[in-house]
1. So between Ser617 and Asn288, what do we pick up on full extension, going 0.36 nm a residue minus the alpha carbon distance?
2. Which of the peptides 73-80, 705-712 is most tightly packed, and how do the rest follow, going by the mean number of other Cβ atoms within 10 Å of each residue?
3. Enumerate the calculated ³J(HN,Hα) couplings along region 96-106 in order (Karplus 6.51 cos²θ - 1.76 cosθ + 1.60, θ = phi - 60°), each rounded to whole Hz, writing x wherever the residue is Gly or Pro.
4. Straight-line reach only, C-alpha to C-alpha below 29 angstrom: list the lysines that Lys764 could link to, leaving out same-chain residues fewer than 8 apart.
5. Applying the Karplus parametrisation 6.51 cos²θ - 1.76 cosθ + 1.60 with θ = phi - 60° to the phi angles of region 612-622, what ³J(HN,Hα) value in whole Hz is obtained for each residue in order, glycine and proline being reported as x?
6. To the nearest 0.05, what FRET efficiency results for Thr37 and Ser703 with a Förster distance of 45 Å applied to their C-beta separation?
7. Rounded to whole Hz and in sequence order, give me ³J(HN,Hα) for region 694-705 from the Karplus expression 6.51 cos²θ - 1.76 cosθ + 1.60, θ = phi - 60°, writing x for Gly and Pro.
8. Check the straight Cα-Cα distances from Lys76 and name the lysines below 26 Å, setting aside those fewer than 8 residues away within the same chain.
Amino acid sequence: MDKGSASLLPGVCALLADSGKPLPDDTSLEKLLDRLTELSEADVSLPESCPCLLDFISTMASNSTSDPSILSFALKLSGLVSANEDGYGALQERSALEVIFRVERWKDAGLWDDPCVRIGWIHGFKRMLLHPKALAFFVQSDFIKPLLQLQSDPSMFVASAANQLLAHILLSIQPEEEERASSKTSTEHRAVVLQTSDHIQESLAPKEGALLAGSLQVLKLLALILDQARRPLRDQLLKAVAASLEELVEARYSQLTPAIMDVIMAAYSPESDDDVTGRLLSSMLNGNKAADLVHAAAAFLHRGRLHDAVDTSRAVRILLLPLHFVTEHPLLGTAPATDNHHVIMATQLKTKSTFISMICVCLRNAPQVALMPSDVLPCPPAEIVLSVVTLLRMCSGDTPSFSSSSSSSSLRNGCRSEAFRCIVSSGKVQKSALEALASLSGSPGANNTMNEVVDVLVQYMSNPDSDPTVLQKSYKALVQWMSVCADRSSIPQQLREDLLTAVEKRACDPRWEVRDSTVEFLGQLPCVPSLKSADEALLSERRTAPLLREALQDPESYVRASAVSALARGLVPSRQQGTELPQEQADTVSRLLDILREDTEGFARRAVVRYFMAWFSSCSLPPSSLPLLLVESVRTVLSRGSSDLDWEVKVNTLELAELLLDVAFSDHGRRTGAGRHPYATLDMHTNGQAQAADAALDSTLSSLVDQCVFSALLSSLVDCDRPVALKACELLITIRDTIYLAGASTSDVSCDLPRRGWGKEIRKMLKSEGDEGERVGVHEVLTSLGLDDRRVLLSQSSDHVHNSFQSLLQDILSAGVTLGGPNEDDGQEVIVDCY
């Protein structure tokens, strides 16, 4: 700690201990704790370097009138100080720890009712428990009782933190092997486990209404512990709470189903000789509420412990049941008890929201189910794909065909008809089904369903009433299926025409979100593997390119930016050979430069700079053979982009300049960062070789000057946006190092500086006394600007000046003027500097 901070800290501690009032900036104490934590983690002894902290903690232990936020800070600080041996011993000598963590004291003072005090108590102990002796202190002082009470705290944050702390304690004191544990540790272990088990048993008793929240919190705690517990702790807990868990499972509270499954799966092991979890799992997967069954099966699959084929097969069948019920696709095979399943499903139709939620859970798990081995999956994976396609058709209003008229069939048809009314036009089901369909593209046999999939997706794209998000997911699903399609020629031409018609209509949709999704879709098609050649293309570029060019005029900036990005993705290297470009592309480039100059939104201007980066990167020709339009455009982009008002446009412009530097210096041994020091002694060239190398380097530098690279870098070096200035500084250093690495010592290359603005700033840095319109040598600029020092300065955040430990302490003391003075009501408000 610096001397200035060390001299201020005692005053801050005294202020906090004496004022009894909160600080104007309620984050100041957290900032102070962060600073002290950094010192402690840097192996600084807080008691030795900051003895005032011990005095502050001792004072707070006996002060029952402090503000809750200051007491919370004191509790956290006590844990921080006592995490190390010297701090723990010093506070124990003062008997401060037992006093400041005594819950009854703060209850009597009325401070415990504030959640921040309870959080401070928990966080203090969590930090203190890093010290090995602290665990014994916690157990022997019987602090387990208030910690157990906090498990059901009305504050969600307090209860969650208490869960984490109790789990940490139980897992920390569990012996590696029961016979190796010392008697003292075993005693403490048994005491804590017993109290925790009793608390869990009591909290798990079936309850109604709001009391279920307490059971939910305890189930979270139990899952947290069992997930990491070893024997014997795991077995002890399971044995103690088994009866309570079974009773809770039998009570069938739907709100608790996911939490109960988390507990079961945390303890589940097919190899275990304990059948507690097996019985619980069997009960959960054999209930009489379809929604609970589906949630339980999903939880089983998510945990990934699929060693038991019987349970896995049961879970898979449950997850396929809703799709089987609604679409009548034969997803369950020829297994018996289907009528019973339909009865269970039919009961869920009474509550539309529950039924839809159950369908969505099934859809979220359908891709994983489709990848299950054949001995577990009761149907071909392609059948699952087709059932999702049917579901999407039903959601869009296609009336399902019902089977014939036996009494059993009539009952089923009535249920299906009711299910159809539940899901028709349901945006939630549509979105879930489209997400599932996209993921199912990788399932076995998916190629055989390609036409059905594309057909339903085109149907959604053609529907003018499709929600923008639904349409976006339709586009995403189509791109995903095209990415894995092995035979695109099998897609009928009529389907391609229908798709193009749908896309053309959506590109003119009155909703900008729809137009934006459509443009993004058109930009993704050239990126799909194996769709780049004309004969493989899903949509003809001749028909789609005009849509993108038209979108450059869109009134919404997001759409314009997406159109620019889509055009950039369509830049294929093979199309750039030769200097003559189609008139359409020349017109497009002209429009893009207009956007860079005139567009009022930064999104589109950033996209334009990235377009020219993509175009330049896609050209495999040498610089001398690049299309003239590209060369001229890059010069314009560097000039305009470096003076843009948007800092991201300027950074992108510098990235374009970096591409030019990479190409220009590719033959001059550009240093990449791992090479030799630029000022190291170089091997001597012969005189002729040196002259030729200098001439080549001068030619390169002249080219960079002509391309406006140097003017872009120098103007950005003095830019007010630090990321811009830092990027420019690094690129200038790269040029300087490359010149030195190439062995050049002099150069006749020079560049103009403007009379005003950034040119004037550069002259000040160069301390130039000449005429304001003079040219400056590139070598002079690179060696006289102090680039290394400037990079160090630019690499530092402004926090290193304004947010030091000392400035924080000064802010807190300044705030104390209004807290402790006799005329505080007459004083002016003190604004505390935040960081």
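Bear in mind these aren't lab numbers, they're just calculated from the coordinates by the rules spelled out. Note that the structure is predicted; figures quoted are calculated from it, not measured. Cβ placement follows ideal geometry from the backbone for every residue including glycine, while neighbour counts extend to all protein chains displayed.
1. The Ser617-Asn288 span can extend by a further 112.3 nm.
2. Order by mean packing, descending: 73-80, 705-712.
3. Computed from phi, the couplings for region 96-106 are 7, 5, 5, 6, 6, 9, 6, 5, 4, 4, 6 Hz.
4. Lys650, Lys727
5. Using θ = phi - 60°, the values come out as 6, 5, 5, 5, 4, 5, 7, 7, 9, 7, x Hz.
6. Between Thr37 and Ser703 the formula returns 0.25.
7. 5, 5, 5, 5, 4, 4, 5, 5, 4, 4, 5, 5
8. Cross-link targets: Lys3, Lys21, Lys31, Lys107, Lys126, Lys133, Lys145, Lys220.
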